[in-house]
1. Against the condition under 20 Å from Asn2 (Cβ atoms) and modelled with pLDDT of 95 or more, how does Ile34 come out, does it pass?
2. So, in the range 74-116, of the ones that are of a type in the set (Asp, Glu) and under 16 Å from Arg44 (Cβ atoms), which residue ends up surrounded by the most Cβ atoms within 10 Å (Cβ to Cβ)?
3. Is it the case that Leu42 is surrounded by 20 or more Cβ atoms within 10 Å (Cβ to Cβ), touching a strand residue (DSSP E or B) at 6+ places or on another chain (Cβ under 9 Å), assigned to a strand (DSSP E or B) and modelled with pLDDT of 95 or more?
4. Against the definition (within 17 Å of Ser100 (Cα to Cα) and at pLDDT below 95), how does Arg51 come out, yes or no?
5. What residue, among those in the range 60-112 that are within 12 Å of Ile39 (Cα to Cα) and of a type in the set (Gly, Ala, Ser), is modelled with the lowest pLDDT?
6. Got a number for residues in the range 1-37 being part of a loop (DSSP other than H, G, I, E, B), among the polar types (S, T, N, Q) and without any contact (Cβ under 8 Å) to a residue 40 or more places away in the chain?
7. Among (1) under 21 Å from Tyr15 (Cα atoms); (2) assigned to a helix (DSSP H, G or I); (3) not charged (D, E, K, R), there is one condition Pro50 misses while meeting the rest; what is its number?
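The values are calculated or read from the model by the stated rules, or taken from the named source; none is laboratory data. Note that the structure is predicted; figures quoted are calculated from it, not measured. Here the Cβ is made from the backbone with ideal geometry for all residues, glycine too, and neighbour counts use every protein chain on show.
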Amino acid sequence: MNAPKIQTAVPLRRYRLGAYTAVVLGEIESSDGIEYRYILALVREGEARPRVYVTAEKNPRARAREGAHRMRVIAEALEEDRGSSDRWGDPDVFAAEGLSLVAGMLGLAEQAQRLM
């Protein structure tokens, strides 16, 4: 998996989604050269490492007219660009869309419950 190389980050939101815990991180410093606005990391209960990441990344100037941020999904056998939007600069909008996306990917029918 081509996971984000997070050096430091601040947890902003925490959710329960079925057998998973999701954490939305902000103020991210990474060593992979990507300017992350937010990262949603999904960890299965009893495991230490995230199974799925959803990222909101600052778009390069060439793509800025499409939206300020692009969303990517990163999992074991998947890395997918989900488009661009200005909306993903808002942590609540990003979290809602990211959680909906991963719930669909994993076939989860439960609604995410905010814990923090």
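1. For Ile34, the condition - under 20 Å from Asn2 (Cβ atoms) and modelled with pLDDT of 95 or more - is not met.
2. Among those residues, the one meeting the criterion is Glu110.
3. Values: surrounded by 20 or more Cβ atoms within 10 Å (Cβ to Cβ): yes; touching a strand residue (DSSP E or B) at 6+ places or on another chain (Cβ under 9 Å): yes; assigned to a strand (DSSP E or B): yes; modelled with pLDDT of 95 or more: yes.
Considered against the rule, which asks whether it is surrounded by 20 or more Cβ atoms within 10 Å (Cβ to Cβ), touching a strand residue (DSSP E or B) at 6+ places or on another chain (Cβ under 9 Å), assigned to a strand (DSSP E or B) and modelled with pLDDT of 95 or more, Leu42 comes out as yes.
4. Spelling it out, Arg51 is indeed within 17 Å of Ser100 (Cα to Cα) and at pLDDT below 95.
5. The qualifying residue modelled with the lowest pLDDT is Gly89.
6. 1
7. (2)
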